[in-house]
Amino acid sequence: MFKELKYLVKLQNIDKELLQINEIRGDLPKIVENLNNDINNLKNELDNYHNREKEIILELKNLEGQIIDNKERLKRYQDQLYLVTSNKEYDSLTSEIDAVRQEIDNAEYKIIEVNEEMENLVEAIKSKNLTLQEKLGELKVHKEQLDNTNQKTNEVQTKLLKNREEVVKLIPLRYIREYERVAKAKNGIAIVPIRQIFEEKVDKKGNIEYIPTKVSCGGCSKIVPPQKIFEIRSAKTLIRCEFCGRMLYWDNETSEVRLNNEEEIF
Ligand SMILES: [Zn+2]
């Protein structure tokens, strides 16, 4: 086998192991990431709610102050009413009194409105806090699971990644590019052994012979044209499956599939 092909097979074996590690981790990294995002969003929302709470407290204090001031003004105007000497003065004073009363009414109405908002806010904070606690609990559980899995797999993964780096260095860039492109499109599998079926034949003398029959791609199972088999087995150039684009090679351990007469051909 020419050496680039050998290294590509090695690279594929390393990547298969890395894929297995990812499978063991499963959805955990994604779940943890999503929970962290949810928690950050909830914390931001709670921050906004608490800021609004502070604003409302100031607003209420302000409105109450306004009412006290206006009530004092009102009292002053009412006292002045006894001292007026002209109709004009009387009219002007009563219109001032009306205006102050209106301001007091407005402030009282605003207080009711703001208090209502505060009540809703307190409810919302309570409910968001509850959700936050739930999410934090979920995060703790999943984070622990992920940490446990990582603890078991990190060492192996680091080793595999280091080996991968070494193997990649040995392969020409154009092959690496092709490998990565096909792997990305084909669930991480870019190079596969072919499968050749050998059927059992028994001659008149009772001798058993295995006759090579169809050859198929180990990735997509489509038939590989017979003229390519020699090239694949001699492994001097890189041959690709015409259907799935995966690179093909002959593997001494798995490519030869012997079928007995009783077995079904697959
Ligand atoms: Zn194929």
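The values are calculated or read from the model by the stated rules, or taken from the named source; none is laboratory data. Computed from a predicted model, the values in this text were never measured in an experiment. Positions of Cβ are backbone-derived with ideal geometry, glycine not excepted, and every protein chain shown enters the neighbour counts.
Within the range 227-250, the set of residues being outside any helix (DSSP H, G or I), within 15 Å of the ligand (Cβ to nearest atom) and either over 20 Å from Glu178 (Cα atoms) or not aromatic (Phe, Trp, Tyr) (or both) comprises Leu238, Ile239, Arg240, Cys241, Glu242, Cys244, Gly245, Arg246, Met247, Leu248. Screening the candidates Leu35, Leu83, Leu58 for the property of being among the hydrophobic types (A, V, I, L, M, F, W, C) and surrounded by 15 or more Cβ atoms within 10 Å (Cβ to Cβ) yields one hit, Leu35. So, of the residues in the range 178-217 that are surrounded by fewer than 12 Cβ atoms within 10 Å (Cβ to Cβ) and in a strand (DSSP E or B), which turns out to be nearest to the ligand (Cβ to nearest atom)? Among them, the one singled out is Ile211. Pick from Glu72, Glu23: which is loosely packed, with under 15 Cβ neighbours inside 10 Å and modelled with pLDDT under 95? Answer to the selection: Glu23.
The condition (being assigned to a helix (DSSP H, G or I) and surrounded by 16 or more Cβ atoms within 10 Å (Cβ to Cβ)) is satisfied by just one residue among Tyr90, Tyr7: Tyr7.
Would you pick out the residues in the range 154-167 that are β-branched (Val, Ile, Thr) and surrounded by fewer than 18 Cβ atoms within 10 Å (Cβ to Cβ)?
Val156, Thr158
Answer with yes or no whether Thr237 is hydroxyl-bearing (Ser, Thr, Tyr) and either within 16 Å of Val9 (Cα to Cα) or at pLDDT 90 or above (or both). Here the answer is yes, as Thr237 does meet what is asked. Put simply, of Leu173, Leu160 the only residue that is more than 16 Å from the ligand (Cβ to nearest atom), assigned by TED's automatic domain parsing to the domain that holds Leu19 and closer than 23 Å to Asp15 by Cα is Leu160.
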